[in-house]
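The values are calculated or read from the model by the stated rules, or taken from the named source; none is laboratory data. Model, not experiment: these values are computed from the prediction. As a convention, Cβ positions derive from the backbone with ideal geometry for all residues, glycine included, and neighbour counts pool all protein chains shown.
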Amino acid sequence: MFLSVDGNLAGLISVADAIKPTTAQAIAALHRAGLSVVVLTGDNTITAAAVAKSLNIDEFKAEVTPDDKLHYLKELQAKGHIVAMLAMMLMMRLHSLKQTLV
């Protein structure tokens, strides 16, 4: 975020969500179970890439809409993958989550 005073740039504020300490452990456990982890996020590509790298995520797609997520889930299922989804903002992703139950 940019801060301005009288129309002039006065500062910059950066915000980020902290990754929970147990997240890396959970992803490692999924990998040990033979599962792939894919992140679909509306966040920007730079942020998504940094998170994916730090957590050893197999694949990520950034700057995607809820409809994009639904389309991607359907693509995975059409290829024969079994899909499970963890949605941080469940109500906003309900139609994508519903597809995983098909």
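Pick out the one residue from ASP6, ASP43 that is within 18 Å of the chain's Cα centre (by Cα) and free of Cβ contacts under 8 Å to residues at least 24 places away in the same chain.
Among ASP6, ASP43, only ASP43 is within 18 Å of the chain's Cα centre (by Cα) and free of Cβ contacts under 8 Å to residues at least 24 places away in the same chain.
Give the number of residues within the stretch 36-71 that are out of contact with any strand residue (DSSP E or B) (no Cβ under 6 Å at 6 or more places or on another chain), in a helix (DSSP H, G or I) and not hydrophobic (A, V, I, L, M, F, W, C).
Selection size over the stretch 36-71: 8.
Tell me which residues, restricted to the stretch 1-26, are loosely packed, with under 10 Cβ neighbours inside 10 Å, modelled with pLDDT of 90 or more and part of a strand (DSSP E or B).
Answer for the stretch 1-26, where residues must be loosely packed, with under 10 Cβ neighbours inside 10 Å, modelled with pLDDT of 90 or more and part of a strand (DSSP E or B): SER4, VAL5, ASN8, LEU9, GLY11.
What residue, among those in the stretch 48-102 that are modelled with pLDDT of 90 or more and either in contact with a Cys (Cβ under 6 Å, 6 or more places away or on another chain) or among the hydroxyl-bearing types (Ser, Thr, Tyr) (or both), is surrounded by the most Cβ atoms within 10 Å (Cβ to Cβ)?
TYR72
So, in the stretch 12-40, of the ones that are of a type in the set (A, V, I, L, M) and over 21 Å from HIS81 (Cβ atoms), which residue ends up farthest from the chain's Cα centre (by Cα)?
Out of the qualifying residues, it is LEU12.
How many residues does the stretch 39-88 contain that are of a type outside the set (S, T, N, Q) and on the phi > 0 side of the Ramachandran plot?
Going through the stretch 39-88 one residue at a time, the tally reaches 2.
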